[in-house]
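Inspection log for the structure reproduced underneath, given as structure tokens.
The values are calculated or read from the model by the stated rules, or taken from the named source; none is laboratory data. Computed from a predicted model, the values in this text were never measured in an experiment. Don't worry about glycine lacking a Cβ; one is built from the backbone with ideal geometry, like all the others, and counts go over all protein chains shown. Only protein heavy atoms, including side chains, enter the accessible area calculation; ligands, DNA and RNA are left aside. Shrake-Rupley method; radii C 1.70, N 1.55, O 1.52, S 1.80 Å.
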Amino acid sequence: MSSQSSFPPAFLEILPNVRSLTISINESPERLPVEKLKFQEKSISYTPNEQDPPQILSLPVSIDPRSATTTVKSENVDLKFSLRSSLDDYKSRSATDPGAAIKAFQGLTQIHCQTCKTAFLPTSSPDEASEQAHHFRRIIDMPSEYWHELTDCWACHREDYSQLPGQKAGVILAQRHAVLVARSYVVLHPEDVDLPRLSVDLAGANKGSLRLGRYAPALCASCQQPVGECYFDEIPQDATNIAEHIRGVKLFRYWVDFVVADTASSPLTTEKDALNRTFVSFFADDLLESADAHASYRFIIQTQGSDEPRLLLWILNWNMAVSTNTPVHDILDPTMDATSLERVLSIYTQNLGHSEKMHPAMKILYLDCSQSVTSAQESIVTSWRGNGQVESISLHPSLHDQVLTALRVSTAYLPPAKRDLNGFKVGFILR
């Protein structure tokens, strides 16, 4: 066992705005006397006995050891330090760089269903398949999902933005031979997609005039897995000649796999890694984008086909970073959903477990409404449902389960005394 792993379990929160580091050590003060802790610029050491080697907790940031403040509780010890380096060194920006994904899409050759590997881009021969990378002439970075709502904030003069070319009622129109790349989805022209390999769920179509226009869920025709949405100029009443009404195909990046040129022969790069993300990381981006547009940090999560709240989310701090010396397998709860856990586990195995590394995160309060709740928690749910400033998000049931599982895993990293606050659970989402 390494010296770092023998240090008691510790959870680190870096707040770049106030240049502070808080360390919660999950050990009682009787077993971890504060006077035996030694603080250095990049580490904290603990020597149980003089004859023992020191146990070392490496730090991801440089601290001012003289700024240490200690809070001793019955089950844990909290340490707080000022950061020694400048704010720019530790600014907790999103770990997902939109520009990286744009570069990766330059070599796009195929898009597969994540479940059954059905190909959604047309190919009729091996020769055409090899030339597919040149099929798309442009890769276009899409604006914010809420760009049409924000035009009044951007402009200093009156203008009829409904007449802007390339869009209709706020929906960015698909373009032939182009990939429109948003944070969590891509938009393709229907002539660039093998439409018979998609099954359109007209029963689930939203026939109202919404911000996102008229759309219907799109499923993989082979396995019926949801993969995206189809946009229509008008929703057809039956499945006859449905293809002629489709004006754009949106494929969610967490439901499909992207094949890019020379993936097999070149090492994994930042650009290609940006294509292989879990749903939870996309969900974090979407939460922030919605919060920026609407100045609302509270969300009701529902599952598709139901108006009942399944999960309440409250973003406490979107600009922070976290670190820990605890491997994720040491804190897993056997009651967690195994399927969802398998899908979200890579987030933690790749980014947490080494205290010298930090990762951008959002601190979240959450309430699982699917479990039995107290009368006080029921009052919270009722007040949120009647509040127009609380945003509602509808998720596929499996995606809801992934979000909840990721939050439960994050809570397990915290000392028991810090896992609850005013009827909510405390957790975080890695960005």
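Accessible surface computed residue by residue for segment 278-430, with neighbouring protein chains in place and a 1.4 Å probe, gives 43 Å² per residue. Normalised radius of gyration (Cα atoms, divided by 2.2 N^0.38 Å) for segment 278-430: 1.01.
When a 1.4 Å probe is rolled over the protein heavy atoms, the share of accessible surface on segment 10-82 that falls to carbon and sulfur comes to 45 percent. Per atom type, segment 278-430 shows carbon and sulfur on 48% of its accessible surface, probed at 1.4 Å.
At the residue level, SER306 shows approximately 40 square angstrom of accessible surface with a 1.4 angstrom probe and all protein chains present. Note on GLN389 and ARG66: with the Förster distance fixed at 51 Å, the Cβ-Cβ geometry gives a FRET efficiency of about 0.75. Rg/Rh, computed from the Cα trace of segment 10-82 with Rh as the Kirkwood radius, has the value 0.95.
Extending 7 Å from the Cα toward the beta-carbon at both THR339 and ARG298 defines two label points whose distance is 3.2 nm. Counting charges near ALA417 (Lys, Arg +1; Asp, Glu -1) among other residues having Cβ under 11 Å from its Cβ returns a value of 0.
Compared with the alpha-carbon gap, the fully stretched path from ASP330 to SER28 is longer by 106.9 nm at 0.36 nm per residue.
The simple spin-label model puts a point 7 Å past each Cα toward its Cβ; for LEU421 and GLU308 those points are separated by 2.9 nm. Measuring only protein heavy atoms, the 1.4 Å probe finds TYR215 accessible over about 50 Å². The residues SER20, SER398, sorted by heavy-atom accessible surface at 1.4 Å with ligands and nucleic acids left out, run SER398, SER20 from largest to smallest.
Per-residue accessible area (protein heavy atoms, 1.4 Å probe) orders HIS400, HIS189, HIS354, HIS329 as HIS329, HIS354, HIS189, HIS400, starting from the largest. For the pair SER82 and ASP257, a Förster radius of 41 Å applied to the C-beta separation gives a FRET efficiency near 0.35, rounded to the nearest 0.05.
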